[in-house]
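A.B. asks: Following this message is one structure expressed as structure tokens.
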Amino acid sequence: MYSTPYHTTDLSNQKILITGGAGFIGSHLVEYLLKYGAIVRVIDNFITGRRENIDLFKNNPRFEFIEGDICNKADCDRACDGINVLLHQAALGSVPRSIKDPVATNRINVDGFLTIMVAARDAGIQRVVYASSSSVYGDHPGLPKVEDKIGKQLSPYAVSKYTNELYAHVFGLNYGMKIIGLRYFNIFGPRQDPNGQYAAVIPKWIDMLKKNERPIINGDGSNTRDFTFVENAVQANIKAMTTENENAFGQIYNIACGYQFSLMDLFNGLKEILGSSVMPVHGSSREGDIAQSLADINKAKKLLGYDPAFAFKDGLKITVTQY
Ligand SMILES: NC(=O)c1ccc[n+]([C@@H]2O[C@H](COP(=O)([O-])OP(=O)(O)OC[C@H]3O[C@@H](n4cnc5c(N)ncnc54)[C@H](O)[C@@H]3O)[C@@H](O)[C@H]2O)c1
């Protein structure tokens, strides 16, 4: 889809496992890695991912798909066999879903994380990059968010992602694995699912505006987010899996753009791109939501060479065009 190579090393000798590769971010990783010559295996159970997302790749001889569950050790062992790099994206997303069903979130995001990590260890996989989340910052009031200053988590989802970070640390310590955690900040882009009660705000609003329906804005619309186009998250994963900087391993990084936009900014931006005159409906604030979110991305810039190539507005235009 895009022609920006985010690596200098040859990827053709890399065998990469992407968990959750039928999902939104995972499928963009698959697309990039196949485009630049890697051998890619995906494990996914389609709990939130979609077959269409991997149909795009099924004729590529360097692509392999395993329908399986990261909570099942045998599935994980099969997925990890012969792999050099694990990019772990599979999880049950959504803060509200985790508040409704913390057990399901914990099972996939914590037990599943541990199961795939043990399988990676057993298979001798050295390099692991995993998806954490800005929700880990919880109630810490500091802005912009700096990696080592976190508060108390506000939802089971945030607890699950923080638990991943704690486990990643001890896996690095005890098994010598080179593990990097990426705290994604509101990633958006093509293929993000607009459907269902737990859909992310951007695809949901694009869908509604296109149908002339009125989106609900939780609260007065002044809540901010560091909205980040998916291709920036792809770049971060590629930088993290290819870095040779010893100081970069065992670390966690904010992956964002370093700018905040309010929900009203987002709504007005989408209206402008779509030429819509629909007005929003204001609802009550959501449980577990943080009011302001803005990342300090200097650590990722310095240690990984991350440099987000797509600004918020450009990403929105691409997303709307490809919707
Ligand atoms: N999208 C964001 O803004 C955002 C922000 C912060 C963190 N994250 C994290 O990034 C990762 C990817 O998110 P996404 O937005 O692409 O979500 P997604 O729901 O589109 O993708 C997750 C994928 O994991 C798969 N999956 C879930 N449980 C599984 C299991 N037990 N076994 C096998 N596969 C399973 C799903 O079917 C899906 O394809 C997740 O870890 C998520 O928590 C995303």
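The values are calculated or read from the model by the stated rules, or taken from the named source; none is laboratory data. Since the model is a prediction, treat every value here as computed from it, not as a measurement. Cβ placement follows ideal geometry from the backbone for every residue including glycine, while neighbour counts extend to all protein chains displayed.
A.B. asks: Tally time: how many residues in region 160-197 are of a type in the set (A, V, I, L, M, F, W, C) and near the ligand (Cβ under 10 Å from one of its atoms)?
C.D. replies: Result for region 160-197: 4.
A.B. asks: On to the next question. Can you tell me which of PHE63, PHE46 is at pLDDT 95 or above, closer than 29 Å to GLN197 by Cβ and among the aromatic types (Phe, Trp, Tyr)?
C.D. replies: Among PHE63, PHE46, only PHE46 is at pLDDT 95 or above, closer than 29 Å to GLN197 by Cβ and among the aromatic types (Phe, Trp, Tyr).
A.B. asks: Cβ-Cβ under 6 Å, sequence separation 6+ or interchain: first residue in region 201-230 and without any contact (Cβ under 8 Å) to a residue 12 or more places away in the chain, partner among the hydrophobic types (A, V, I, L, M, F, W, C). Which pairs?
C.D. replies: Correct list of pairs: empty, since none qualify.
A.B. asks: Find the residue count for region 49-60, including only residues that are away from the ligand (no atom under 13 Å from the Cβ), in contact with a helix residue (DSSP H, G or I) (Cβ under 9 Å, 6 or more places away or on another chain) and modelled with pLDDT of 95 or more.
C.D. replies: Summing the residues that are away from the ligand (no atom under 13 Å from the Cβ), in contact with a helix residue (DSSP H, G or I) (Cβ under 9 Å, 6 or more places away or on another chain) and modelled with pLDDT of 95 or more in region 49-60 gives 2.
A.B. asks: Is at least one residue of region 297-310 closer than 14 Å to ILE202 by Cβ and not β-branched (Val, Ile, Thr)?
C.D. replies: There is at least one residue in region 297-310 that is closer than 14 Å to ILE202 by Cβ and not β-branched (Val, Ile, Thr).
A.B. asks: Taking the criterion of being more than 16 Å from the chain's Cα centre (by Cα) and free of Cβ contacts under 8 Å to residues at least 40 places away in the same chain, would at least one residue in region 82-98 satisfy it?
C.D. replies: Checking region 82-98: not a single residue is more than 16 Å from the chain's Cα centre (by Cα) and free of Cβ contacts under 8 Å to residues at least 40 places away in the same chain.
A.B. asks: Can you work out which of the residues in region 1-38 that are hydrophobic (A, V, I, L, M, F, W, C) and away from the ligand (no atom under 12 Å from the Cβ) is surrounded by the fewest Cβ atoms within 10 Å (Cβ to Cβ)?
C.D. replies: Here the residue is MET1.
A.B. asks: Can we say TYR198 is closer than 22 Å to PHE229 by Cβ, out of contact with any His (no Cβ under 9 Å at 6 or more places or on another chain) and at pLDDT below 95?
C.D. replies: Taking the combined requirement at face value, the residue satisfies it.
A.B. asks: Which numbered condition trips up ASN53, out of (1) within 22 Å of GLN197 (Cβ to Cβ); (2) free of Cβ contacts under 8 Å to residues at least 60 places away in the same chain?
C.D. replies: It fails just one condition, (2).
A.B. asks: Continuing with the same structure: Considering region 227-276 alone, what residues qualify as being within 26 Å of ASP10 (Cβ to Cβ), among the aromatic types (Phe, Trp, Tyr) and more than 13 Å from the ligand (Cβ to nearest atom)?
C.D. replies: Matches in region 227-276: PHE249 only.
A.B. asks: Give me the pairs, please: first residue somewhere in region 297-323 and basic (Lys, Arg), second residue anywhere and modelled with pLDDT of 95 or more, beta-carbon distance under 7 Å, and either six or more positions apart or on two chains.
C.D. replies: These pairs meet every condition: LYS299/GLU147; LYS299/TYR253; LYS299/ASN254; LYS301/ASP307; LYS313/GLY269; LYS317/ILE273.
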